[in-house]
Amino acid sequence: MPPLSGQVAVVTGASSGLGQATAYRLAADGAAVALLARRADDLLSTQTAIAELGGTALALPTDLADAAAIEAVVSSVWPSCGESMC
């Protein structure tokens, strides 16, 4: 069993660079990954790539400079902890 199986990870900046690489690694280790960044198209590409590799991810376009947006993301991800996100 993968070491992070059954865990949920939230990754900011997941549309590219280190955030994207972190999301791939966490998914490969079995975590369900909530992908956060502003660029929706890039997030969806990352979500699709993780799914094609057998992982679970949920793209949540979010501007982390917006407190209301952060609260909305927490509200949508928190109930998913311990359940399949997608």
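Close amide H pairs (under 5 Å, H built 1.01 Å from N) link ALA59 with LEU35, residues at least 5 positions away or on another chain. Shape class for the chain, computed from the alpha carbon gyration tensor (a ≥ b ≥ c): oblate, with a/c not under 1.5 and a/b at or below b/c. Among the trypsin sites (Lys or Arg not before Pro) found in segment 1-53, those both in a DSSP coil and sparsely packed, with 16 or fewer other Cβ atoms within 10 Å of their Cβ, are ARG38, ARG39. The simple Förster model, with R0 at 25 Å and r as the Cβ-Cβ distance, assigns ALA51 and LEU18 a FRET efficiency of 0.75.
Each part gets one Cα centre, and for segment 51-65 versus segment 11-29 those centres are 9 Å apart. Karplus-based coupling profile of segment 10-23, in residue order and whole Hz: 10, 10, 8, x, 7, 7, 6, x, 5, x, 5, 4, 5, 4, with θ = phi - 60° in 6.51 cos²θ - 1.76 cosθ + 1.60 and x standing for Gly or Pro.
Take every pair of alpha-carbon atoms less than 8 Å apart whose residues are at least six positions apart; their mean separation over the length of the chain yields a relative contact order of 27 percent. Exposure proxy for THR46, THR56: other Cβ atoms within 10 Å of each Cβ, ordered fewest to most, give THR56, THR46.
Values quoted throughout were computed directly from the atomic coordinates according to the rules given, and no laboratory measurement underlies them. The structure displayed is predicted, hence computed values, not measured ones. Positions of Cβ are backbone-derived with ideal geometry, glycine not excepted, and every protein chain shown enters the neighbour counts.
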